[in-house]
1. Run through the range 84-139 and list the trypsin sites (Lys or Arg not before Pro) located in a DSSP loop whose Cβ has at most 12 other Cβ atoms within 10 Å.
2. Would you please give the residues with an amide H less than 5 Å from that of D260, counting only those at least 5 places away or on a separate chain, with H modeled from the backbone geometry?
3. Using a simple charge model, +1 on the beta-carbon of Lys and Arg, -1 on the beta-carbon of Asp and Glu, nothing else, what dipole does the range 126-257 show about its Cα centre, in debye to the nearest 20?
4. Using modelled backbone amide H atoms (1.01 Å from N, in-plane), which distant-in-sequence or interchain residues come within less than 5 Å of A120's amide H?
5. Rounded to the nearest 20 debye, what is the charge dipole size of the range 184-233 about its Cα centre when +1 sits on each Lys and Arg Cβ and -1 on each Asp and Glu Cβ?
6. Provide the per-residue ³J(HN,Hα) series for the range 112-124, in order, calculated from phi with Karplus coefficients 6.51, -1.76, 1.60 and θ = phi - 60°, each as a whole number of Hz, with x at glycine and proline positions.
Amino acid sequence: MKKNNLFLWVIVSLLFSLNSSSYAIAPVVDKSASVEVQVKDEKNANITEEEENVIKKFSLKTKFQRSPESQIQSFIKKFNRYAEKNDMESLKKMYSDSFVNNDGFDKKTLFEMMSLAIDAYKDIKYTTTIEEIKIQGDYASVKAHETAQGLTAKSQVQVKDYGLVNSDIYYTDYLRKEGGTWKLLSSVITSEKLSLRYGQAKKMNISIEAPDMIPAGCDYNVKVTTTSPDGVFMVGSIVNEPIIHPQISKKDVFKGMKSDVLERVLTSNTDNHNEYASVTIGITVPVVNPPEMSFDMVGMAFVMSRVNVVNKKNDNNKNKEIVDAKK
C-alpha cells in the first residue's frame, strides 16, 4: 500500500477500531471492562432480618439497574457491541447530533471516516480500564485507558506480510442525557500512540517520544529508539501531519540510520489542528549479484504519537478537557 494511503488508514481506522472512536472519536470499552458501582441501602428497624433480605433480593437489582452508573455501563457495553459488528446505524443513534471531538470532527465527518475503515483491520483485541466515572445531573464523563492489537486485513506488497497494529490511548468521553437516553456528546484524547509494523519490524522494540501537548507554532523534539536486527540497513523519516479529513500527508525525506536512534525537531502547525508526529522506518538487506548490488525490503514500521496543539490566540480552544455542557 502506498504510504500516503497507509497513513490515512492508520489514522482513520485505528481511531475507529480503537473506538476512540477515538476512535480519536469515541473510544469503546471492552466487554471485560468493569466498573464497581456501590448502592447504599438504609436499614429499616421495623422489619425483620428475613424480610429485609427479601427486599434486598428484589429491590436492590432494580435500584442498580436504574442508577446513572449502571445506565452508563450499559451504554458502553452496547456501544462496544455495535462497534464490533460494524453496525453504523445503531452507533449513529448513540451520538448526539451536537457531537464534536477535540480534533474538531463532528458527527457527520466522524462517520464518513468510520465508513472508510470498516474492512481495514481484523482480529482487533481491546483491553480497556475505566479509571473514573463522574455524573452531574444529565451530564457525565468517563475517563479511560485503552490498548489494542490486531492485524491488517491485507498484506503489504513490498514486504509480503500482514501488518501488526498496536495502540495505546488515554481519553475522556463526555455524555449527555437527551430525551431520557445517554448520548455521546464529545470525546477528548489526551494521549495516543499508534504503530503498524510489517516483516522484521514486528520483532523490533520501537518507542517514540514526543510531547502530548504543545503551543501552536512552537518547536518540539521527536525521538525514536529501536532495536534493529543484525545485518540490516535501516532508513527513517520523521514528519508532523495534521489530524484532518481528508488526510494530507507530507513528503518523506529518508535518512540512513547509523544507530538505533532517530531524532528531529518539528514545528507545530498554526492552523488550529492537532497533529501526529509520524515516523516511517524501512528495513532492508543487501542482495549481491556481481557486479551489481541491490536492497530488498524485509520490514516496515509506521509509528505515530499524538500532539495536541494549543492555539495561543484562543485560551478556550478545543483541546481543553473541560466541556461547558450548558452551551
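No lab work stands behind these numbers, since they all come straight from the coordinates. Because the structure is predicted, anything quoted here is derived from the model rather than measured. Methodologically, a virtual Cβ is constructed for each residue, glycine included, from the backbone with ideal geometry; neighbour enumeration extends over all protein chains shown.
1. K85, K93
2. none
3. The calculated dipole for the range 126-257 is roughly 400 debye.
4. Those qualifying (amide H under 5 Å, at least 5 residues apart or on another chain) number zero.
5. 260
6. Rounded to whole hertz, the list is 5, 5, 4, 4, 6, 9, 4, 9, 6, 10, 9, 6, 6.
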